[in-house]
Amino acid sequence: MKTRTTDSGTAKAGPTTVYVPRDAAARSVGADEVAERFERAAVDGEFTVVRNGSRGMLWLEPLVEVATPAGRIGYGPVTPDDVPDLLAAGLLDGGDHPLRLGPVDQLPWLERQNRVTFARVGVIDPLSPEDYEAHGGLRGLRAALAMTPADVVTEVTDSGLRGRGGAGFPAGIKWKTVLDCEDELKFICCNADEGDSGTFADRMVMEGDPFLLIEGMTIAAHAVGAREGYLYIRSEYPDAIATMRAAIDIARGSGWLGSGILGSPLDFDLHVRVGAGAYICGEETSMLESLEGKRGMVRAKPPIPAIEGLFGKPTVVNNVLTLTTVPVVLADGAKTYQDLGVGRSRGTQVFQLGGNIKHGGIVETAFGITLRELIEEYGGGTLSGRPARAVQVGGPLGAYLPESRFDLPMDYEALAEAGAMLGHGGVVVFDDSVDMAAQARFAMEFCAEESCGKCTPCRVGSVRGVEVIDRIVAGERRDENLALLEDLCELMTDGSLCAMGGLTPMPVRSALAHFPDDFLDRGDRPLLPVHPVRQTTRTEGMA
């Protein structure tokens with residue numbers, strides 16, 4: 001038995017730890033088979049295999065790490081057939097090998113980031129409560145339980161934390177509205193229906209640090225006076241569903257959920273509910289309808305969910321990244337979090353690089369980084385090697401930005417001023433072979449497919465939008481149809497009940513504004529249908 005070094009640097013007798021990700025992205029490219037080969041080779045007890053989350057460097061998956069006195073040394077991407085050679089080369093001691101990457105924490109991709117929400121993802125065993133506490137878990141909850149609910153809400157408000165689901169509404173204001181309601185029954189709902197193309201941060205944090213989400217929802221419950229919470233996860237995330245259910249069971253057994261949490265008067269329990277595949281359930285009121293067992297359709301506002309939400313009761317609705325940031329705010333204080341970022345965009349944003357990108361994955365950094373820095377310095381440019389022509393920021397309803405706008409700072413206000421939005425932080429890259437008229441058409445087609453059908457501007461306008469774009473591209477009365485398309489976009493923006501119809505014109509208008517030749521000077525080019533993952537590398541498919 002050899003001496004091993006833990007993450008904290010303490011020397012202990014015992015087997016060396018080898019980390020192989022259990023994240024869905026890593027599993028999709030063979031991580032399970034790699035882990036199995038390591039486990040078969042560990043017959044003498046010289047090392048143990050821990051299935052961690054992903055560090056977010058998806059082009060290196062499966063990324064294998066080994067704990068050594070010099071820190072955790074990474075190797076990747078590793079195939080099952082590489083395992084015998086790696087062990088023979090001295091992997092357990094961080095030995096040299098063509099796949100050796102060096103100390104993982106010192107890799108430029110990670111070293112330059114501000115890992116706040118994702119600080120533990122890829123570091124710990126996701127389902128080990130001991131590992132979670134050893135790496136700072138529960139600090140936020142313990143701090144919150146020592147405060148009054150009103151003081152917790154004030155701390156969240158003062159931090160400047162805004163909703164990371166897309167709308168960017170201040171989390172503290174929403175919580176205060178629920179706190180001020182006198183109803184005895186209140187709910188905490190987490191919307192994990194992460195349906196935007198090119199986004200996968202919610203999935204990764206649920207699979208890589210599930211107790212963090214449980215802690216965040218429990219803090220929210222204490223802050224507003226709720227006793228019950230629901231985690232709404234999209235059905236396309238089976239690994240996240242299984243991990244969260246297992247983590248909730250473990251949390252109950254550890255006294256982190258249920259009655260008298262951590263010896264306090266707080267009673268709170270949490271349940272997982274699985275969506276049925278409707279994109280519209282990413283909208284908060286549609287999600288609430290689905291949770292109540294109804295068809296996912298948008299509710300008219302007012303009343304807002306904070307006053308009349310789930311089953312007509314006051315409800316906090318936040319997304320995964322918002323709730324998993326709350327424990328950090330409470331643990332380190334509002335000012336520490338607010339010191340990051342710019343203007344009214346405080347703290348960090350988890351950017352997700354996908355599409356035609358060489359190095360796709362997770363980049364968590366303070367607001368204010370430019371789009372060019374994300375694409376070129378972190379992403380390494382396009383996978384195809386061709387010039388990047390357009391980037392869609394904020395999901396399928398976000399604007400297409402041309403290369404001339406790549407120096408735009410990534411914060412809520414700067415993007416809004418440029419006619420774009422940050423959304424959930426998805427960044428999907430397209431090279432110069434992209435047909436932007438086809439992308440604009442896809443935006444309308446996507447809305448027609450995913451609309452809940454409740455309001456006419458969205459339900460009918462999107463279908464008419466596809467038809468009008470087809471006529472423009474075909475050269476039929478272009479001036480008239482361009483004017484008609486603009487009228488249609490204005491009607492959808494102003495008349496739709498929710499962001500589904502209201503934001504669909506954003507990619508269409510941006511494509512027309514920045515890439516007019518794709519609509520007007522096509523020659524004999526046919527308008528090809530666009531698949532949602534067109535021009536994507538495996539990184540987006542892993543979302």
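The values are calculated or read from the model by the stated rules, or taken from the named source; none is laboratory data. It should be emphasised that the depicted structure is a prediction, and the values quoted were computed from it without experimental measurement. FYI the Cβ positions are ideal-geometry reconstructions off the backbone, even for glycines, and counts take in every protein chain you see. The area values use the complete protein model at the heavy-atom level, side chains included, leaving out ligands, DNA and RNA. Shrake-Rupley method; radii C 1.70, N 1.55, O 1.52, S 1.80 Å.
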Selected residue (criterion: farthest from residue 511 (Cα to Cα)) from residues of the stretch 405-439 that are out of contact with any Leu (no Cβ under 7 Å at 6 or more places or on another chain) and among the aliphatic types (A, V, I, L, M): 416
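Table: residues versus (1) modelled with pLDDT of 95 or more; (2) over 21 Å from the mean Cα position of the chain (by Cα); (3) not hydrophobic (A, V, I, L, M, F, W, C).
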residue: 113; (1), (2), (3): yes, no, yes
residue: 118; (1), (2), (3): yes, no, no
residue: 137; (1), (2), (3): yes, no, yes
residue: 141; (1), (2), (3): yes, yes, no
residue: 198; (1), (2), (3): no, no, yes
residue: 214; (1), (2), (3): yes, no, no
residue: 218; (1), (2), (3): yes, no, yes
Test set (1) without any contact (Cβ under 8 Å) to a residue 24 or more places away in the chain; (2) surrounded by fewer than 24 Cβ atoms within 10 Å (Cβ to Cβ) - residue 407 fails condition number: (1)
Pair list, Cβ under 9 Å, 6 or more apart: the stretch 163-183 residue among the aromatic types (Phe, Trp, Tyr), other residue open to solvent by 50 Å² or more (accessible area, probe 1.4 Å): 175/157
Test: residue 380 is assigned to a loop (DSSP other than H, G, I, E, B), touching a residue at least 12 places away in the same chain (Cβ under 8 Å) and touching a Lys or Arg at 6+ places or on another chain (Cβ under 9 Å): yes
Residues that are of a type outside the set (D, E, K, R) and open to solvent by 10 Å² or more (accessible area, probe 1.4 Å), drawn from the stretch 345-366: 356, 359, 365, 366
Top-ranked residue in the stretch 135-157 [being in contact with a Phe, Trp or Tyr (Cβ under 7 Å, 6 or more places away or on another chain) and part of a helix (DSSP H, G or I); ranked as surrounded by the most Cβ atoms within 10 Å (Cβ to Cβ)]: 156
Identity of the residue in the stretch 393-425, among the hydrophobic types (A, V, I, L, M, F, W, C) and assigned to a strand (DSSP E or B), that ends up modelled with the lowest pLDDT: 393
Sole exception among (1) buried (at least 19 other Cβ atoms within 10 Å of the Cβ); (2) modelled with pLDDT of 95 or more for residue 4, by number: (2)
Filtered residue count, the stretch 279-304, keeping only those that are within 26 Å of residue 215 (Cα to Cα), open to solvent by 10 Å² or more (accessible area, probe 1.4 Å) and either in a helix (DSSP H, G or I) or free of Cβ contacts under 8 Å to residues at least 40 places away in the same chain (or both): 6
Which listed residue is crowded, with 24+ Cβ neighbours inside 10 Å and either touching a Lys or Arg at 6+ places or on another chain (Cβ under 9 Å) or more than 26 Å from residue 391 (Cβ to Cβ) (or both), from 181, 190: 190
The stretch 308-351, residues that are in a helix (DSSP H, G or I) and among the small types (Gly, Ala, Ser): 312, 331, 334
Output for the stretch 356-372, where each listed residue is out of contact with any Phe, Trp or Tyr (no Cβ under 6 Å at 6 or more places or on another chain) and either among the acidic types (Asp, Glu) or at positive phi (or both): 361, 368
Residue that is surrounded by the fewest Cβ atoms within 10 Å (Cβ to Cβ) [pool: residues in the stretch 193-208 that are out of contact with any His (no Cβ under 9 Å at 6 or more places or on another chain) and of a type in the set (Asp, Glu)]: 207
Exclusive hit being within 15 Å of residue 506 (Cβ to Cβ) and part of a helix (DSSP H, G or I), set 443, 390: 443
Failed item in (1) in contact with a helix residue (DSSP H, G or I) (Cβ under 7 Å, 6 or more places away or on another chain); (2) under 27 Å from residue 199 (Cβ atoms); (3) not in a helix (DSSP H, G or I), with residue 266 passing the rest: (2)
Scope the stretch 12-38; condition touching a helix residue (DSSP H, G or I) at 6+ places or on another chain (Cβ under 9 Å) and open to solvent by 60 Å² or more (accessible area, probe 1.4 Å); matching residues: 22, 27, 28, 33, 36, 37
Positions within the stretch 436-465 being of a type in the set (A, V, I, L, M) and open to solvent by 20 Å² or more (accessible area, probe 1.4 Å), in sequence order: 448, 460, 463
Residues located in the stretch 189-234, provided they are among the polar types (S, T, N, Q) and out of contact with any helix residue (DSSP H, G or I) (no Cβ under 8 Å at 6 or more places or on another chain): 199
Top-ranked residue in the stretch 209-244 [being among the charged types (D, E, K, R) and more than 25 Å from residue 178 (Cα to Cα); ranked as most open to solvent (accessible area, probe 1.4 Å)]: 236
One residue from 342, 328, 320 being touching a Leu at 6+ places or on another chain (Cβ under 9 Å), open to solvent by 20 Å² or more (accessible area, probe 1.4 Å) and closer than 30 Å to residue 107 by Cα: 328
Of all residues making up the stretch 30-75, the number that are over 18 Å from residue 104 (Cβ atoms) and either under 27 Å from the mean Cα position of the chain (by Cα) or touching a residue at least 40 places away in the same chain (Cβ under 8 Å) (or both): 8
